[in-house]
Structures are given as structure tokens and as C-alpha cells.
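The values are calculated or read from the model by the stated rules, or taken from the named source; none is laboratory data. Everything quoted here is computed from the prediction, not taken from an experiment. Cβ: placed from backbone, ideal geometry, glycine included. Neighbour counts: every protein chain shown. Heads up: the accessible areas ignore ligands, DNA and RNA and are worked out on the full protein's heavy atoms, side chains in. Shrake-Rupley method; radii C 1.70, N 1.55, O 1.52, S 1.80 Å.
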Amino acid sequence: MNVTHHPAITRCPRCGSERLSWPSQKNFQCSECGFVLYLNIAAAVAVIMACQGKLLFGVRKRDPGRGMLDLPGGFVDAGESAEEAARREIREELGVDIPEMRYLFSFPNTYPYRGMVYDTLDLIFLVEWNEPPAVKAADDLDDVIWVERDSVEFEKIAFDSIRQAVRRYLAL
Ligand SMILES: [Zn+2]
């Protein structure tokens, strides 16, 4: 029996062979044709929007974590900087342009999606607003809510990395 480190990957995408070996958790090699694929982590961004003692959370429209709270953000596209990804995601999900932002810290995360589990590194940015921006939920978000800093319901946050990020931010 071959050891399959990634349950969703059972065949070589080039020749279809099931004879895959996994030298490490993050890459496999096909014993038939020699094809090698690295499953490197994906970069993702999440933005803490802070305004007048409140934090902005989105309500997720889709799984994973449908109906749960999340920070606005998403995966970084190829060729894009993390800052560009943050600006793009905020524009897509909230319909606003962010003025200044500051990188805070990063947390690893896993993102299960249709049978694949993606390992990600979530880069957390902070945007501080003097007045609440005219946000409108779109794209991956069903709704947007502002939550008082001391009333965050951590059990309603979809991802562990985001829960940790919000906790660490609130402790700054
Ligand atoms: Zn192959």
C-alpha cells in the first residue's frame, strides 16, 4: 500500500497512476512517470478593521464556516503583494478603499474546501478608521457587523487563526 499523505490526492495528475510516494507531507512523486508536485502553503490576508472601539466582522456566505464570523480577506493571487491582496479583498467584500494599513503578525491556518485541505499562512493587517466607512457586504460575505472590542464572541469565529489574531490584537 502506498502511503497517501493527502487524502484527496490518489492519482498522478500527469499519467493517472496511483503509485504515488510522499517523501514529505508537502510533496508527492509518481513512481510511473516521475512527476513531482509540491503542495506549498498558500498565502492569505485578513484585515482587522477598527473604528471607535469596535471591530468589523463579516458573516461568511459559504463553507467552510458558513454563517460564522470572519475577518474580511482572502487568498493572495499569484504576482500580487499581500498589501495589494488586502486592498483588493476589502474592495470586493466591503466596497471600500482602505487608506493606511499596518502589518501586524501572521498565523498558520487550514482551509478545508471540497475535499482538499489547504494549508495557509494568514497575514494579518490592521486598518484604523476615525469614522465608520460605508461598508456593504458582497462577494464571500453575507453581512457585516461591528462588534464592541470587549463583546467579541470568539466561539462564533470560523477559523482558529482568526480567533488567535483577534485575541492577540485585543491584547496589544
Ligand atoms: Zn505519473
Cα→Cβ-extended label distance, 7 Å offset, between Arg11 and Leu172, nm: 4.8
Quick one: accessible surface of Arg102, probe radius 1.4 Å, all protein chains present, in square angstrom to the nearest 10. 130
What do you get when you divide the Cα radius of gyration of the chain by 2.2 N^0.38 Å, with N the number of residues? 1.21
With an 8 Å Cα cut-off and a minimum separation of 6 or more residues, compute the relative contact order for the chain in percent. 24
To the nearest 10 square angstrom, what accessible area does Lys26 show with a 1.4 Å probe? 100
Measuring from the longest principal axis of the C-alpha atoms of the chain, the long axis of helix 82-94 (C-alpha) lies at a number of degrees, nearest 10, equal to 60
Where nothing but the Cβ of Lys and Arg (+1) and of Asp and Glu (-1) is charged, how large is the charge dipole of region 48-91 around its Cα centre, in debye to the nearest 20? 320
Before rounding to the nearest 500, sum -39500 (n - 2.57) across all DSSP H runs of length at least 4 in the chain and divide by the residue total; then give [θ] at 222 nm in deg cm²/dmol. -4500 deg cm²/dmol
So which lysines pass the test for Lys61, namely a Cα distance under 20 Å, with those fewer than 8 places away in the same chain ruled out? Lys136, Lys156
Residue separation times 0.36 nm, minus the C-alpha to C-alpha distance between Ala138 and Tyr38: what's the value? 32.7 nm
For the chain, longest principal axis from Cα atoms; helix 160-170 axis from its Cα atoms; angle between them, nearest 10 degrees, is 30
If you project the alpha carbons of region 1-80 onto the principal axes, what extent comes out on each, in Å, largest first? 60, 28, 19
